[in-house]
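Trainee: Take a look at the following structure, please.
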């Protein structure tokens, strides 16, 4: 069996696991919940960039993204941030849904699966 490498392991979850050339990120949420959807989305995408780099990858290697929005009415603003962030020509399959998030102050949570470079 291939080794499973876990990053930032906590008592309940790890931020990321790598197995067999695939990176699995836990749902990433903003640290500063006082910001609007744009600010929260930028924070989450910055965290995703950092985690993927730590695992030897980057956003051009994303295989799938799942985006959870507290309010689907925020999708236009979130898409503007996403479109500015994502690598042209490497847009992954993506699902975006409205959901009740674990903290009422979160406007967004993103789950990413990516390939190791």
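The values are calculated or read from the model by the stated rules, or taken from the named source; none is laboratory data. The model shown is predicted, which means the values in this text are computed figures rather than measured ones. So basically every Cβ, Gly included, is an ideal-geometry build from the backbone, and we count neighbours across all protein chains shown.
Trainee: For residue 2, all conditions in the list (1) more than 17 Å from residue 109 (Cα to Cα); (2) loosely packed, with under 15 Cβ neighbours inside 10 Å; (3) modelled with pLDDT of 95 or more; (4) touching a strand residue (DSSP E or B) at 6+ places or on another chain (Cβ under 9 Å) hold save one; what is the number of the exception?
Mentor: Unmet condition: (3).
Trainee: Could you say whether any residue in region 30-48 is assigned to a strand (DSSP E or B) and at pLDDT 95 or above? Quick ask: steps written out before the conclusion?
Mentor: Step one: of region 30-48, the residues assigned to a strand (DSSP E or B) are none.
No, every residue in region 30-48 fails to be assigned to a strand (DSSP E or B) and at pLDDT 95 or above.
Trainee: Only residues that are touching a residue at least 40 places away in the same chain (Cβ under 8 Å) and under 20 Å from residue 114 (Cβ atoms): list them for region 60-81, please.
Mentor: Of everything in region 60-81, those that are touching a residue at least 40 places away in the same chain (Cβ under 8 Å) and under 20 Å from residue 114 (Cβ atoms) turn out to be 61, 62, 63, 64, 65, 66, 67, 68, 78, 81.
Trainee: While we're looking at this one, here's another question. Being in a strand (DSSP E or B) and touching a helix residue (DSSP H, G or I) at 6+ places or on another chain (Cβ under 8 Å) is the filter here, so list the residues in region 90-112 that pass it. Please lay out each step first, then the result.
Mentor: Keep residues of region 90-112 that are in a strand (DSSP E or B), which gives 94-98, 108-112.
96, 97, 98, 108, 109, 110, 112 - these are the residues of region 90-112 that are in a strand (DSSP E or B) and touching a helix residue (DSSP H, G or I) at 6+ places or on another chain (Cβ under 8 Å).
Trainee: Turning to a different aspect of this structure: Restricting to region 60-85, what's the tally of residues that are crowded, with 18+ Cβ neighbours inside 10 Å, under 18 Å from residue 38 (Cβ atoms) and out of contact with any helix residue (DSSP H, G or I) (no Cβ under 6 Å at 6 or more places or on another chain)?
Mentor: First, pick out the residues of region 60-85 that are crowded, with 18+ Cβ neighbours inside 10 Å: 61-62, 65, 67-70, 74, 78, 81-82.
When the remaining residues are screened for being under 18 Å from residue 38 (Cβ atoms), the result is 65, 67-70, 74, 78, 81-82.
Going one step further and asking which of them are out of contact with any helix residue (DSSP H, G or I) (no Cβ under 6 Å at 6 or more places or on another chain), we end up with 65, 67-70, 82.
Final tally of qualifying residues: 6.
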